[in-house]
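Remarks on the structure that follows.
Nothing in this text is a laboratory measurement; each read-out follows from the coordinates by a stated rule. These numbers come from a predicted model, not from an experiment. Here Cβ is always computed from backbone atoms with ideal geometry, including for glycine, and neighbour counts include all displayed protein chains.
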Amino acid sequence: MPGLIEPLKVKGYTLRNRIVLPPMQTGRASFEGTVTNRLINFYVRRSSHLGLPIVEHSYVSPTGKIGPKQLAIHDDSSINGFEKLANALHEVGAPAVVQISHAGGVTNKRVIGTEPAGPSPREKTRMLEASEIYGIAEEFALATERAVKAGFDGVELHGAHGYLLNQFFSPLFNRREDEFGGSLENRMRFPLLVVEKVHKRLDGRLLLYRLGSDDLAPSGTHIEDSVVFANRLEASGVDILDVSGGMCGSEPKQLRQIKGYFVPQAQAIKSAVSVPVIGVGGITEAEYADKLVSEGKVDLVAVGRAFWSDSQWAEKATETLKKSKPT
């Protein structure tokens, strides 16, 4: 079995290793959401020995923004900045993938200037009308067009951590009684609509989906649901599945002390699909990450917080694993 520092071919792309920089909110965009030199430097410094950097979540609509200094990809004025970022990543030999998102019902009126909207009515949140749902799907598609024009090699749809796609998938948040809610089939309908529209705009580039695989709640999403969903995502054209938490977030308290805490979910999904699967969850050690790949539990490993504190993590991991492997 290949290990962490072996290349991986996905579609027409070759990743030089299996190390992933997951999307992390850096706070380095401008207050208007534009790409800054400081943000470009953050990614370039971490990507020269990296297999797959995923640029932090960028909102597809002003109503989907979650906070200040979040990247924006909701209109054409963003293209120039994203082009500079894509070029900078390509110059250090890394592919350029950006995560696109809509926060839906978890955003704040003070941030977006209007009442937040999600799948179902909640305190301080109204329910999206069906026409609005189709409109947001188109906003994801238009954001994808901008990423393509900027020279990106792909996009990742943010369907985890309680964002809008995840809200529709989770029975904790989605209490609708129309075609977009209720059964698992209906709860998958909006995310799959977005996947369909985005896939058409990518023109052969990479499509990733960050899947909120488990809400860690009795009445929430369970891994059995996510295995079904993962199969549908693969059939709809998703090239890589990035498996993380659902409404419990990216770092649930009850799992925080477990190394690789979302790896079991990723492993269950990997056993059911043929596309590459990313594992994540407090992973900091190169040897452990290598073991996950070499044992076939996941195909790629996302390392977040360790990269935040050490921009040379991938370079050091590569050197460590080269020394430990027989020649």
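Does anyone have the angle between helix 184-202 and the longest principal axis of the chain? Alpha-carbon axes, 0 to 90°, nearest 10?
Its long axis makes an angle of about 60 degrees.
Students often check this: by mean Cβ neighbours within 10 Å, which of 68-80, 6-18 ranks highest, and how do the rest follow?
Values: 68-80: 18.9, 6-18: 16.2.
Going from most to least packed, we get 68-80, 6-18.
Assigning unit charges at the beta carbon (Lys, Arg +1; Asp, Glu -1) and nothing else, what dipole magnitude in debye, to the nearest 20, does the stretch 47-186 show about its Cα centre?
Numbers: 12 positive and 18 negative charges, 125 e Å.
Dipole about the Cα centre, nearest 20: 600 debye.
Report the FRET efficiency, 1/(1 + (r/R0)^6), for K11 and R256, where r is their Cβ-Cβ distance and R0 is 45 Å, rounded to 0.05. It would help to have the intermediate numbers written out before the result.
On the way: r = 35 Å, r/R0 = 0.77.
Calculated transfer efficiency: 0.85.
Using only Cα atoms, tell me the angle between helix 313-324 and the longest principal axis of the chain; keep it within 0 to 90° and round to the nearest 10.
The angle comes out near 40 degrees.
Once the other residues with Cβ under 10 Å from the Cβ of G282 are scored (Lys, Arg +1; Asp, Glu -1), what is the net sum? Display every interim value, and only then the final one.
Working: positive: R256, K259, R305; negative: E251.
Surrounding charge for G282 is +2.
Can you work out the FRET efficiency for the pair T114 and T320, with r the C-beta to C-beta distance and R0 = 51 Å, to the nearest 0.05? Mind dumping the intermediate values first?
Numbers: r = 50 Å, r/R0 = 0.98.
Using R0 = 51 Å, I get an efficiency of 0.55.
Could you list the square roots of 5 times each eigenvalue of the Cα gyration tensor of the chain, that is, the equivalent ellipsoid semi-axes, sorted largest first and rounded to whole Å?
Values: eigenvalues 175, 107, 61 Å².
The three semi-axes for the chain are 30, 23, 18 Å.
With the radius of gyration and the Kirkwood radius both derived from the Cα set of the stretch 191-327, what is their ratio Rg to Rh? Could the numbers behind the result be given before it?
Values: Rg = 15.9 Å, Rh = 15.9 Å.
Using only Cα positions, Rg/Rh for the stretch 191-327 is 1.00.
Karplus couplings for the stretch 280-290 from phi (6.51 cos²θ - 1.76 cosθ + 1.60, θ = phi - 60°), rounded to Hz, Gly and Pro as x?
Once rounded to whole Hz, the list reads 8, x, x, 8, 10, 9, 4, 5, 5, 4, 4.
Evaluate the distance, in nm, between pseudo-label points positioned 7 Å from the Cα of R45 and of S219 along their respective Cα→Cβ axes.
For the pair R45/S219, the computed spacing is 4.6 nm.
What's the ranking of 268-277, 20-29 by average number of surrounding C-beta atoms within 10 Å, highest first? Can you show the working numbers first?
Working: 268-277: 17.9, 20-29: 20.3.
The packing order, highest mean first, is 20-29, 268-277.
With point charges of +1 on the Cβ of Lys and Arg and -1 on the Cβ of Asp and Glu, referenced to the Cα centre of the chain, which listed residue (S78, I19, V198) lies farthest in the positive direction of the dipole?
Highest projection toward the positive end goes to I19.
Run the paramagnetic zone check for N186: 7 angstrom along Cα to Cβ, then residues of the stretch 143-176 with backbone nitrogen under 14 Å.
Residues 168-176 qualify, since their backbone N sits under 14 Å from the label point.
Give me the angle, in degrees from 0 to 90, between the Cα long axis of helix 223-235 and the longest principal axis of the Cα atoms of the chain, rounded to the nearest 10.
It is inclined by approximately 80 degrees.
Under unit Cβ charges (Lys, Arg +1; Asp, Glu -1), what dipole magnitude, rounded to 20 debye, does the chain have relative to its Cα centre? Walk me through the numbers on the way to the answer.
Working: 39 positive and 38 negative charges, 164 e Å.
In total the dipole reaches around 780 debye.
Within 10 Å, count the other beta carbons around each residue, average over each peptide in 314-323, 91-100, and list them highest first.
Working: 314-323: 16.6, 91-100: 21.5.
Going by the mean number of other Cβ atoms within 10 Å, highest first, we get 91-100, 314-323.
Once both labels are modelled 7 Å past Cα along the beta-carbon direction, what's the S294-M1 spacing in nm?
Each label point lies 7 Å from its Cα, and together they span 1.0 nm.
Over the chain, with a Gaussian network built from C-alpha contacts below 10 Å, which listed residue (S226, S101, S309) shows the highest mean-square fluctuation?
Looking only at S226, S101, S309, the largest GNM fluctuation is found for S309.
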